[in-house]
Amino acid sequence: MALMVVKFDLKKRVKLAQTVWFMYWFAVMAGVLVFSMGLFFKIELRKRSELMDNNESHFLPNLLIFMGLITCGINAFGGKICYDSLDPTKFVKWKPMLKTFLVFCMVFNALLLLTALVCFLMRIPLQFTLAEGLRNGMRYYKDTDTPGRCYMKRTLDLMQMEFRCCGNEHYRDWFEVQWVSNRYLDFSAKEVKDRIGSNVDGQYLMDGVPFSCCNPSSPRPCIQYQMTNNTAHYSYDHYTEELNVWKRGCSDALLSYYGGMMNTIGALVVLVTMLEVAVTVGLQYVDSSLSTLANPEDPESESEGWILEKTVKETFTDIIAKMKAMGKGSKVEEGGEAAAAPSS
Amino acid sequence: MASVMVGRLTFTKAEREKLAEVLWLLNWISVVSGLVLVVLGLFLRVEVQRWVELMEEQAILYVPPMLISTGLAACVINFLGVRLSLDCTDLNRFLRWKLLLLPYVCSTFCFTSCILVGALTCFSIHSTLEDSLFVGLRDAMRSYKDTDTPGRCLMKKNLDLLQLHMHCCGNTDHRDWTRIQWVSTRYLDLSSRAVRERLRSNVAGQYLMDGAPFSCCSPLSPWPCIQNQLTNRLVHLGFDRVGQQQNLWSRGCRLALMEHYTGLLRSTGLTVLLVWVFELLVLTGVRYLQTAMENLLLLGDPESESDGWILENSLAQTARSNLGIIKNLGKCYQVEVDPNINTISKKNNLPIDR
């Protein structure tokens, strides 16, 4: 008993072929969409690769680009088959490879679903890459004269202004690194010598943050230096001051930015997978309806279409039996050769 | 008296059909350009709204609605033109449109002149912009510290965002900040001697500082930003002339905004001029088609040649006759002598046109 049988006459077959052809064109555009999303994601990662220590994994965008190209190819091919199915003479040349093509489509749809899953899961390695990269970035903030790192200050400042964040997890991260270059420190001043002597690494640490952490919404001019000293500024309490600098950490801000992008891309890939499944089912109906013509000579005769020729259970046992037979067949051949060898 | 026609051309049947095809295409292009104008108007509206509080006279606010309405009118008129040009090659279908055609040509002419006026406005408006920006920015900088005054509490945020986005500082340059008090008195310790001395040091009793807000800082500078005691060389080590140039943004915000809006208005003006050229071509084409088809109607034979023109008489005569019609419209006559009413002559049943 076949699965989901539908009866077709000529008119219905033509309508089915036209609908599936139309859907294949949509699917080609969906493939272009997946490709362009992969490209966009790759460009976004490259733009901020400095902040991730050039360590970011380009696996996901490359996978999306590859899957997008294959989707376009498969769907263009499927559309051609559908177009030719309306003409019996043209369809004859496609008939032998149709079964293999359909199996390939099913495998590809499973891979697409896996890609969508990867999109949702890639957030986790990205989190670690970002935290590590930002920590290093903050350490190199002052090295504006070291070749290879001279733009780190500009990149970090622009990022903090754009994403409205400060530091790695919190603005206090800036208190733990020396972000003022030694070039601008007067080593003869007592204050400077005291500060450098106050910690093991000999770093000039201050309880201040760069200007890019400042929040324009604050009612008072930005307090970036001596932030924890309430007496240094009139009417200032650093425990209750909310609007002075950005409260959010940059690793959190960047993660939510990229995470949102990946979630959207993952959702779109799931939708594209559903479209692909629909066109595969449509092509299966086209194939089965054209192979069961009541009178093969008469194109106007009635036919039946189905998704599976037997029930799901029977198809499954058939596939297992075929695989076993293939396995046994190779064993018999080996046994035959082994028997033949000594006898010769 | 032989009438001097303006732009007279003879059309064969094939030429009339070709004219209608070309007109159809031009009308579709104009519909698309009308849509482009609408989009441009919306974009310009968003851009103007962003910094509109910093301008004193807001004349530039009129440009986006003008663009949007022009774009919509262009879409409607040219969509009608598409239908017209499809129908006008066939005499029977032309009869349906005959009465509508002359008003359509007149309204397209008015609309085309409006577009030209609009384009010229775009180019000329930037002269008033500079003055209004100067006054607007000066007042905004004065209100920078008034974050507790209702109506002006967001001025600080706006100015900071302006300086951060447009990469500028102050009105003309960063020294404008040294001439006004931009720190609110709420955050000044008035019991401190240093603060009181500073307040006494100038006539207006303002707390002036040798510095600028953080939003003037340039991220491109290799130094951590130096906002305070800018002119005191002793305080900052190694802060030489080159460093000073890179530290704060050197461009004034007035100049930055002028460049920004002038660029936008220039490209908008050019687009409107392009639309005007298309509309002019459409107008010419429709006028020729209208006159050619009307003459064909008089001749009676659909296959024959007909003349088309832009104006039946010379420009001066057309202007005089139109002025005459307008004058007569306003006058009141008795029924028998009213020149506006066509009366049937008793002799040969023909209408008398006075």
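So for region B:134-143 (the condition being free of Cβ contacts under 8 Å to residues at least 60 places away in the same chain, among the charged types (D, E, K, R), over 26 Å from B:L257 (Cβ atoms) and surrounded by 14 or more Cβ atoms within 10 Å (Cβ to Cβ)), does at least one residue qualify? Don't jump to the end; show me each part of the working.
Of region B:134-143, the ones free of Cβ contacts under 8 Å to residues at least 60 places away in the same chain are B:138, B:141-143.
Next cut, among the charged types (D, E, K, R) only: B:138, B:142.
Remaining after also requiring over 26 Å from B:L257 (Cβ atoms): none.
There is no residue in region B:134-143 that is free of Cβ contacts under 8 Å to residues at least 60 places away in the same chain, among the charged types (D, E, K, R), over 26 Å from B:L257 (Cβ atoms) and surrounded by 14 or more Cβ atoms within 10 Å (Cβ to Cβ).
Conditions (1) more than 19 Å from A:Y225 (Cα to Cα); (2) of a type in the set (G, A, S), marked per residue:
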{"site": "A:I124", "(1), (2)": "yes, no"}
{"site": "A:Y151", "(1), (2)": "yes, no"}
{"site": "A:L156", "(1), (2)": "no, no"}
{"site": "A:M159", "(1), (2)": "yes, no"}
{"site": "A:N168", "(1), (2)": "no, no"}
{"site": "A:V177", "(1), (2)": "no, no"}
{"site": "A:L185", "(1), (2)": "no, no"}
{"site": "A:A189", "(1), (2)": "no, yes"}
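Starting from region B:271-299, keep only residues that are without any contact (Cβ under 8 Å) to a residue 40 or more places away in the chain, then list their pairs with residues that are open to solvent by less than 10 Å² (accessible area, probe 1.4 Å) whose Cβ atoms are within a distance under 6 Å, requiring at least 6 positions of separation or different chains.
B:T291/B:G308; B:N295/B:S306
Write out, first by first residue and then by second, each pair whose Cβ atoms fall under 8 Å of each other, whose residues are 6+ apart or on separate chains, and whose first residue, in region A:209-229, is at the interface with another protein chain (Cβ under 9 Å from one of its Cβ atoms) and within 11 Å of B:S215 (Cα to Cα) while the second is open to solvent by 10 Å² or more (accessible area, probe 1.4 Å) and part of a strand (DSSP E or B).
none
When both residues are 6+ apart or on different chains and their Cβ atoms are under 8 Å apart, which pairs have a first residue that lies in region A:47-58 and is in contact (Cβ under 8 Å) with a residue 24 or more places away in the chain and among the charged types (D, E, K, R), and a second that is surrounded by fewer than 17 Cβ atoms within 10 Å (Cβ to Cβ) and assigned to a loop (DSSP other than H, G, I, E, B)?
A:E50/A:Y151
Kindly evaluate B:D189 against the criterion of being of a type in the set (D, E), outside any helix (DSSP H, G or I) and at pLDDT 85 or above. Show your work before the answer.
Numbers: of a type in the set (D, E): yes; outside any helix (DSSP H, G or I): yes; at pLDDT 85 or above: yes.
In short, yes.
Go through A:G68, A:G73, A:G78 for me and flag whichever is under 30 Å from A:E314 (Cα atoms) and of a type outside the set (A, V, I, L, M). It would help to see each step written out before you state the result.
Values: A:G68 fails: under 30 Å from A:E314 (Cα atoms); A:G73 fails: under 30 Å from A:E314 (Cα atoms).
Only one candidate qualifies: A:G78.
Taking the stated definitions as given, is B:D210 facing chain A (nearest Cβ under 9 Å) and modelled with pLDDT under 90? Steps first, answer last, please.
On the way: facing chain A (nearest Cβ under 9 Å): no; modelled with pLDDT under 90: yes.
For B:D210, the condition - facing chain A (nearest Cβ under 9 Å) and modelled with pLDDT under 90 - is not met.
Determine which single condition B:L9 fails, assuming it passes every other condition in (1) free of Cβ contacts under 8 Å to residues at least 24 places away in the same chain; (2) open to solvent by 60 Å² or more (accessible area, probe 1.4 Å); (3) aliphatic (A, V, I, L, M).
Only one criterion in (1) free of Cβ contacts under 8 Å to residues at least 24 places away in the same chain; (2) open to solvent by 60 Å² or more (accessible area, probe 1.4 Å); (3) aliphatic (A, V, I, L, M) is unmet by B:L9, namely (1).
Identify, by number, the condition in (1) open to solvent by 90 Å² or more (accessible area, probe 1.4 Å); (2) within 22 Å of B:L133 (Cα to Cα); (3) part of a helix (DSSP H, G or I) that B:W24 doesn't meet.
(2)
Would you check if B:S215 is open to solvent by less than 10 Å² (accessible area, probe 1.4 Å) and at pLDDT 85 or above? Quick ask: steps written out before the conclusion?
On the way: open to solvent by less than 10 Å² (accessible area, probe 1.4 Å): yes; at pLDDT 85 or above: yes.
So B:S215 passes the test.
So which residues in region A:230-249 are open to solvent by 50 Å² or more (accessible area, probe 1.4 Å), within 12 Å of chain B (Cβ to nearest Cβ) and under 21 Å from B:C153 (Cβ atoms), if there are any at all? Step through it out loud before you land on a result.
To start, the set of residues in region A:230-249 that are open to solvent by 50 Å² or more (accessible area, probe 1.4 Å) comprises A:230-231, A:234-235, A:237, A:239-240, A:242-243, A:247-248.
In the following step, the residues that additionally are within 12 Å of chain B (Cβ to nearest Cβ) were identified as A:231, A:234-235, A:243.
A:Y234, A:S235, A:L243 - these are the residues of region A:230-249 that are open to solvent by 50 Å² or more (accessible area, probe 1.4 Å), within 12 Å of chain B (Cβ to nearest Cβ) and under 21 Å from B:C153 (Cβ atoms).
Looking at (1) closer than 18 Å to B:D146 by Cβ; (2) facing chain A (nearest Cβ under 9 Å); (3) modelled with pLDDT under 90, can you tell me which one B:L237 breaks?
B:L237 satisfies every listed condition except (1).
Mind counting the residues in region A:53-76 that are surrounded by 16 or more Cβ atoms within 10 Å (Cβ to Cβ) and over 18 Å from A:C119 (Cβ atoms)?
4
So if I check each of B:G252, B:G263, which one is crowded, with 19+ Cβ neighbours inside 10 Å and modelled with pLDDT of 90 or more?
Working: B:G263 fails: crowded, with 19+ Cβ neighbours inside 10 Å.
Being crowded, with 19+ Cβ neighbours inside 10 Å and modelled with pLDDT of 90 or more holds for just one of B:G252, B:G263, which is B:G252.
Out of the residues in region B:194-207 meeting the condition of being open to solvent by 60 Å² or more (accessible area, probe 1.4 Å) and among the aliphatic types (A, V, I, L, M), tell me which one is farthest from the other protein chains (Cβ to nearest Cβ).
Only one residue tops the list, namely B:V203.
Return the residue satisfying two criteria in turn: it lies in region A:189-208 and is open to solvent by 50 Å² or more (accessible area, probe 1.4 Å), more than 12 Å from A:F175 (Cβ to Cβ) and assigned to a loop (DSSP other than H, G, I, E, B), and of such residues it is farthest from the other protein chains (Cβ to nearest Cβ).
Checked region A:189-208; the qualifying residue farthest from the other protein chains (Cβ to nearest Cβ) is A:V200.
Would you be able to tell me the number of residues in region A:98-116 that are under 16 Å from the mean Cα position of the chain (by Cα) and without any contact (Cβ under 8 Å) to a residue 12 or more places away in the chain?
Number satisfying all stated conditions: 2.
Looking for whichever is at pLDDT below 90 and either under 30 Å from A:D157 (Cβ atoms) or in contact with a Cys (Cβ under 6 Å, 6 or more places away or on another chain) (or both) here; the options are A:L45, A:L60, A:L51, A:L10. Which one fits? Break it down into steps so the answer makes sense when it comes.
Numbers: A:L45 fails: at pLDDT below 90; A:L60 fails: at pLDDT below 90; A:L10 fails: either under 30 Å from A:D157 (Cβ atoms) or in contact with a Cys (Cβ under 6 Å, 6 or more places away or on another chain) (or both).
The unique qualifying residue is A:L51.
Okay, residues lined up against (1) more than 9 Å from every other protein chain (Cβ to nearest Cβ); (2) small (G, A, S):
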{"site": "B:K156", "(1), (2)": "no, no"}
{"site": "B:L164", "(1), (2)": "no, no"}
{"site": "B:T172", "(1), (2)": "yes, no"}
{"site": "B:D176", "(1), (2)": "yes, no"}
{"site": "B:R179", "(1), (2)": "yes, no"}
{"site": "B:W182", "(1), (2)": "no, no"}
{"site": "B:T185", "(1), (2)": "yes, no"}
{"site": "B:L188", "(1), (2)": "no, no"}
{"site": "B:S192", "(1), (2)": "no, yes"}
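For region A:145-161, state whether one or more residues are open to solvent by 50 Å² or more (accessible area, probe 1.4 Å), at the interface with chain B (Cβ under 9 Å from one of its Cβ atoms), closer than 27 Å to A:L255 by Cβ and touching a Leu at 6+ places or on another chain (Cβ under 8 Å).
Among the residues of region A:145-161, at least one is open to solvent by 50 Å² or more (accessible area, probe 1.4 Å), at the interface with chain B (Cβ under 9 Å from one of its Cβ atoms), closer than 27 Å to A:L255 by Cβ and touching a Leu at 6+ places or on another chain (Cβ under 8 Å), which makes the answer yes.
Mind checking which pairs have a first residue in region A:170-190 that is aromatic (F, W, Y) and a second that is part of a loop (DSSP other than H, G, I, E, B) and surrounded by fewer than 19 Cβ atoms within 10 Å (Cβ to Cβ), Cβ under 6 Å, 6 or more apart or different chains?
A:F175/A:D207; A:Y184/B:L237; A:Y184/B:G238
Residues in region B:94-115: is at least one closer than 20 Å to B:L61 by Cα and either among the hydroxyl-bearing types (S, T, Y) or not in a loop (DSSP other than H, G, I, E, B) (or both)?
Initially, region B:94-115 is screened for residues closer than 20 Å to B:L61 by Cα, giving B:114-115.
So of that shortlist, the ones also either among the hydroxyl-bearing types (S, T, Y) or not in a loop (DSSP other than H, G, I, E, B) (or both) come out as B:114-115.
Within region B:94-115 (the criterion being closer than 20 Å to B:L61 by Cα and either among the hydroxyl-bearing types (S, T, Y) or not in a loop (DSSP other than H, G, I, E, B) (or both)), the answer is yes, since at least one residue qualifies.
Tell me, yes or no, whether region A:125-136 has at least one residue that is at pLDDT 90 or above, within 14 Å of chain B (Cβ to nearest Cβ) and open to solvent by 70 Å² or more (accessible area, probe 1.4 Å).
The answer is no; no qualifying residue exists.
The values are calculated or read from the model by the stated rules, or taken from the named source; none is laboratory data. Model, not experiment: these values are computed from the prediction. Cβ: placed from backbone, ideal geometry, glycine included. Neighbour counts: every protein chain shown. Keep in mind that these areas ignore ligands, DNA and RNA; they rest on the heavy atoms of the full protein, side chains included. Shrake-Rupley method; radii C 1.70, N 1.55, O 1.52, S 1.80 Å.
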